[in-house]
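Below: the structure, in structure tokens.
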Amino acid sequence: MDAPILVNLQNLPFLPKQNPTYDSKQWNSLIKRHAKLKNDNAILTAYAHMESLGVLPDSTTMPLILKACGNLKVLERGKRIHRDIVNVDLIDDVRVGTSLVDFYCKCGRFEDALCVFDSMPHRDVVAWNAMISGSVECEECEEAINLFVEMQKENLRPNSRTMVSLLLACEQLLEVRLGKEIHGYCLRNGVLDVSPHVGSALIKLYSMFDVKLAYHVFRLLDSSSTVIWNAMITGYFDAGNYLKLLELFISMLKKEVKHDGVTILVVVQACAAFACSEFGLQVHQFVIKHYLCADLHILNALINMYKKMGRLESSSNLFASSPNKDVALCNSILCAYIESGFHEEAIILFRKMLEAGTKPNEGSVGIMLSLLTDLGNGLRNGRSLHAHVIKSGMETNASSRNALINMYGELGCTEESLQIFNESGVSDVVSWNTLILALAQNNQRSCVWTLFREMMESDIKPNSHTAVSILAACDNESFLPAGRSIHAYIIKSGIEIDAALNTALSKMYMNCSDEVASVNLFEGFRYKDIISWNSMIADYVNNGQAYKALSLFHHMVLEVEPNSSTIITALSACTHLANLPLGLSLHGYTIRKETLLGASLSLGIALITMYARCGNMEYAEKIFKSLEKRNSVSWNTMIAGYGMHGCGSDAVLAFSQMLEEGFMPTDITFISVLSACSHSGLIEDGLRLYHSMIQDFHITPKLVHYACVVDLLSRGGRLDEAMDFISSMPIAPDASIWRALLGACRIYSEIKYVKIISEKLIELEPTNAGNYILLSNVYAATGLWSEVKKLRVLLEKNGLVKPPGKSWIVVRNKLHEFIAGDKSHPQCDGIYKKLSYLLSSIKERGYIPDLRWVLHDEEDEEKLKRLSSHSEKLAIAFALINVGGRGPILITKNLRVCGDCHEFSKHISKLVGRNIVLRDGSRYHHFSDGVCSCKDYW
């Protein structure tokens, strides 16, 4: 398609004063002046005027016109000019013929270029060079080599441009042997001394195979050429040898070799990749000193460098200081904001782009679509952005289309993803892969298999990314056969198993409970990258094996330098185990390695989460206050932390402060604050916030929000209101909602709604043993032992097993785990002796065992024996033997703490003068001097 001619004929500068004029010299002179100004549109406009007057350009001007056509990629215009001159003398001029060859190659029409070249009556070195370089540009590299052979047969001496083109061909063909032969030819014929670009091309070629060899060539070349130095610096960058690159740059400065924008651009990128903050700051000062800040490419690289160093404020200041902001620069700072978790700033900047007239491109759209899943009103914003894409005419662009498919998929709107895919008409392999992944992530497995079959029947060939997308659908044990079949297909189809695909296969086997296959794939892969390690650690955490995750992390540190993602995952493992000592060690590691890890907001949030979930809200608050900048996620984390520690008032206060600082709450914010109100009995505050979410912030409630409200009302004993609320819900309640109501029935010994709740739970989750146990506990609490017996028989009949209650504590980096009545621990005798002493001591101080928490129909003596050996009690006794000093004792339990153990812990805290922190399945209890932080509201 021809580019539009934007120059107005009436206002065209330098038009001949005679109007009209038929003097070809004036027109040719005008075109040459436009060529000097590199104004291709003006050249073609002037030529159009010449055509209308019947004036023909001369042999020096016609090449300029054809060059303008090539630069603007106006194929039809160039072909028309070719047709116009085919029967005149101009066609026989070697310069015109060469320009036609160059034009067709720039437009990707290799066959047309070759046809022109073959028909030329005379071909000089320039013509051969145009055809050879054009062949490389059209990726016809083998043809370029053949042309070089033919050129020599015509006794023409190749020059430096010929050699550069041939070396580029060798680079594309990965032909180092042929490159060495060309190198030898250059040495024999002195070509290396003629132009530094030949040496630059040689260094670039050798760097692809052996950077040491490239450096050897570099040392033998002209040491004063900026082009040569840039080639070597770039070679080190491509090889990932950033230290050598920076050393070479310092050497360049010492030898006073002139640098340029390319030099500085690569050095800045190396500082970012090498996480060399101090040197990066010095390079920035160098940029300022040499007035290079106006170079948007360098400015862009500096913004990215500071982003990777975790210095978002520096990135933001750089962006603000630039008087000229192109779309690439805007995209870079958008990425910086989003990757650092500052979504609100990204949205504000995007709006400013539109207001300032900076037209977003496909990259801008893709960046903005990527953040919408983290916003409470993400779907509404996503649809607005979709409308902008259509209005801007970007819906035909494949990258924008794929970004929309992905966005709707991540928001759970797979029907919209399918609609975009189907309406696109022609879809590439990326579109197929994106849609398959969207369906897999939304558990629409039958659609995944169907789509994959359709893909195989189409002209699109599945690749390794397709396999990664399909494997995402195999996420539990029942899909192990399907996962194995996909693995077999990958091998049979010859799909290369790269690091990403090997990681996906390993993840699939781990999720499908085949740990042996997962570990074998991981350990057997030779080219593990840091993503492979991080994924394996995360797989252990996500599959309830946090201890193995930490073991693998310790192994990793010996082989690979962890990044911030590694530390975040390791902190997650600490959180699962409530391993505060190791969490503290990891925090110390991040401080020591700050130059490598950067001051990442995500890392800060992970530390807040770890401290909050390991029972230390004081440290969590310190980290939160020390954050350079905050975002909605950091506020959400603090609010959730306050909630799980029973500090509902602090959570509500934090919510108010969040609004005061200008942050918009998301749906996650309201989950956290509603849960906090529920745990602290702030019923009216919770209901007010729920209504505010809908009316003031226009967030549509999800099932989890409804569950929070039901829990809020139920815990407060307002069971009738909770039941009315469930009845008024616009969507069907799930099991979590009925479970919240059932838990309250147990607390208040209310069986009014138990029958209907039990029917709903068994209908929704017939294989969840926990539901049967909770029902059994409700009946046991009200003395209905016949109903308890029926439920236990039903459990056995269905082959369901109750998850055992267990408590654990970490002492000197070792995990000690206990179950009720446990006698397997090496210190068993000492633990029971200590426990016996504790029980007798607190009984003297008023403790009375609450036998109601023994959910078995047996004699009181047996109940007392069973109650006295609950896992929490064993863990506390063990801790008092092994944890010296006066510091708090941190115990973790997988299920909800029983009422008697709660009373026991209060009495023990007063008896021994120690704070006991107990994390159960739903919240934290801080026992101090005989009082619990939950105020017995739990």
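The values are calculated or read from the model by the stated rules, or taken from the named source; none is laboratory data. Owing to the predicted nature of the structure, the values given are computational and were not obtained by experimental measurement. Using ideal geometry, Cβ is built from the backbone for each residue, glycine included, and neighbour counts are taken over all protein chains shown. Note: areas computed on protein heavy atoms with side chains; ligands, DNA, RNA excluded. Shrake-Rupley method; radii C 1.70, N 1.55, O 1.52, S 1.80 Å.
One table, with the values for the structure above:
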| read-out | value |
| --- | --- |
| Surrounding net charge for M50, when Lys and Arg each add one and Asp and Glu each subtract one, Cβ distance under 15 Å | +1 |
| Difference of contour (0.36 nm per residue) and Cα-Cα distance, L354 to N798 | 153.8 nm |
| Nonlocal amide H pairs with V74, under 5 Å, H built at 1.01 Å | A3 |
| Sequence-distant residues sharing a close amide H with Y924 (under 5 Å, placed H) | H645, G646 |
| Under 15 Å, Cβ to Cβ, from C271 - net charge with Lys/Arg +1 and Asp/Glu -1 | +2 |
| Per DSSP, loop chymotrypsin sites (Phe, Trp or Tyr not before Pro) in segment 65-160 with at most 13 further Cβ within 10 Å | none |
| Accessible surface, 1.4 Å probe, highest first, among residues R380, R445, R80 | R380, R80, R445 |
| 0 to 90° range, to nearest 10: angle between helix 601-613 axis and the chain longest Cα axis | 10 |
| Other-chain or far-sequence residues with amide H under 5 Å of I889's (modelled H) | N915, I916, V917 |
| Whole-Å distance, taken between Cα centres, linking segment 653-712 and segment 422-452 | 35 |
| Spacing of the two label points (7 Å from each Cα toward its C-beta) at E142 and L281, in nm | 5.6 |
| Nitroxide proxy distance, nm - points 7 Å out along Cα→Cβ at T60 and M456 | 6.7 |
| Segment 484-589: trypsin sites (Lys or Arg not before Pro) in DSSP coil with no more than 11 other Cβ atoms inside 10 Å | R526 |
| For the chain, calculated [θ]222 nm from helices alone, where every DSSP H run of n ≥ 4 adds -39500 (n - 2.57) | -21000 deg cm²/dmol |
| Neighbour net charge for V560 - beta-carbon separation under 11 angstrom, K R +1, D E -1 | -2 |
| Nearest 10 degrees, 0 to 90: helix 530-542 Cα axis against the chain principal axis | 20 |
| Centre separation in Å (Cα based) which lies between segment 518-585 and segment 334-412 | 33 |
| Given K255/K593; K802/K865; K548/K593; K806/K843, the pairs whose alpha carbons are separated by over 27 Å | K255/K593 |
| Taking segment 538-643 and dividing mean pair separation by its residue count, relative contact order in percent (alpha carbons under 8 Å, at least six apart) | 23 |
| Cα-based helix-to-principal-axis angle, 141-153 vs the chain, degrees rounded to 10 | 20 |
| Greater than 30 Å apart at Cα, pairs in K760/K873; K528/K622; K352/K391; K204/K461 | K760/K873; K528/K622; K204/K461 |
| Rounded if a/c under 1.5, otherwise prolate or oblate - segment 638-723, Cα gyration tensor axes | oblate |
